[in-house]
1. Only one of Leu127, Leu165 is at pLDDT 85 or above, under 25 Å from Val97 (Cβ atoms) and assigned by TED's automatic domain parsing to the domain that holds Leu95. Can you tell me which?
2. Being in contact (Cβ under 8 Å) with a residue 40 or more places away in the chain and charged (D, E, K, R) is the filter here, so list the residues in region 107-134 that pass it.
3. On the given criteria, is Ile32 of a type outside the set (Lys, Arg) and crowded, with 16+ Cβ neighbours inside 10 Å?
4. Does region 114-142 hold any residues that are more than 15 Å from Ser77 (Cβ to Cβ) and in a helix (DSSP H, G or I), and which are they?
5. Name the residue, out of Lys86, Lys42, Lys104, that is without any contact (Cβ under 8 Å) to a residue 24 or more places away in the chain, assigned to a loop (DSSP other than H, G, I, E, B) and surrounded by fewer than 12 Cβ atoms within 10 Å (Cβ to Cβ).
6. Looking at Ser77, is it out of contact with any helix residue (DSSP H, G or I) (no Cβ under 7 Å at 6 or more places or on another chain) and either in contact (Cβ under 8 Å) with a residue 60 or more places away in the chain or among the small types (Gly, Ala, Ser) (or both)?
Amino acid sequence: ALLQTVPSSSFTPDITPIILAAHRDNYEIIKILLDRGFRIPKPHNARCSCTDCVDGSSEDSLRHSRSRINAYKALASPSLIALSSKDPILTSFELSVELRRLSKLENEFKMDYEKLATKCQDFAVDLLEQTRGSRELSIILNHDTTSSGMDDTGSEKMKLSRLKLAIKYKQKKFVSHPNCQQLLASLWYDGLPGFRRRSIIAKMTVIFTIAFTFPLLSLVYLIAPTSSIGGGILVFLWSTVVTRKRAKHERLPSTRLMIGQTA
């Protein structure tokens with residue numbers, strides 16, 4: 001009965017119960033329907049030339065376009081993403097990119113797709129907003145589906161994989177969120193606690209000290225890059241002058257890119 005399409009003046013035939021529940025963002029109803037095996041099929045590509053798409057567009061192009069919007073409106077439901085996705089943040093990123101692409105392909109419904117893309121971005125930011133401490137934030141921003149996020153010693157690696165992914169997908173709200181910026185600032189000034197709160201004179205003293213000891217610091221980094229001194233972010237900053245090629249594969253360029261794009 002739930003799969004039947006009954007003619008109605010309120011809903012078009014493409015509005016199934018789970019799509020309607022997703023439109024209403026009704027968490028309880030969506031969960032019940034998902035538990036019973038109901039799913040929302042992803043619409044075909046906007047340029048798809050299969051028989052169903054060609055026939056649907058030829059028969060009623062407006063209905064065909066509206067059914068696509070209705071499907072994506074349901075797929076962009078925060079409750080549906082949270083219940084059906086193993087990685088809600090990644091799903092939100094990918095969906096927002098796809099919706100932005102559709103907004104350029106279907107100009108007549110550009111505003112609808114842009115609103116849905118913004119909705120997906122906001123959901124990812126809302127999830128980031130739930131972090132209660134630096135540890136949780138670090139886990140989220142270092143999450144990588146291809147690795148455990150731990151090095152050989154069992155300690156956490158600061159690769160910021162999820163943050164790099166946000167930059168790749170142009171998630172400006174996510175990258176510019178205060179939580180992300182606070183973590184980036186702590187990495188940038190790693191090894192120099194309280195540097196930002198010091199006076200101008202104290203800051204200049206530290207900067208000149210590092211400048212004059214640059215040859216020694218560069219040597220320390222080349223010999224022991226993972227040591228407490230060699231692993232410092234500021235040491236690495238100075239070392240990039242003479243290790244430019246090697247620095248392309250390290251974490252600082254990504255960190256600098258993150259700060260530059262959110263400035």
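1. Testing whether each residue is at pLDDT 85 or above, under 25 Å from Val97 (Cβ atoms) and assigned by TED's automatic domain parsing to the domain that holds Leu95 leaves just Leu127.
2. Correct list: Glu108, Asp112, Lys119, Asp122, Asp126, Glu129.
3. No: the conditions fail for Ile32.
4. Hits for region 114-142 are Glu114, Val125, Leu128, Glu129, Ser134, Arg135, Glu136, Leu137, Ser138, Ile139, Ile140, Leu141.
5. Numbers: Lys42 fails: without any contact (Cβ under 8 Å) to a residue 24 or more places away in the chain; Lys104 fails: assigned to a loop (DSSP other than H, G, I, E, B).
That would be Lys86, the only listed residue that is without any contact (Cβ under 8 Å) to a residue 24 or more places away in the chain, assigned to a loop (DSSP other than H, G, I, E, B) and surrounded by fewer than 12 Cβ atoms within 10 Å (Cβ to Cβ).
6. So Ser77 fails the test.
The values are calculated or read from the model by the stated rules, or taken from the named source; none is laboratory data. Because the structure is predicted, anything quoted here is derived from the model rather than measured. Positions of Cβ are backbone-derived with ideal geometry, glycine not excepted, and every protein chain shown enters the neighbour counts.
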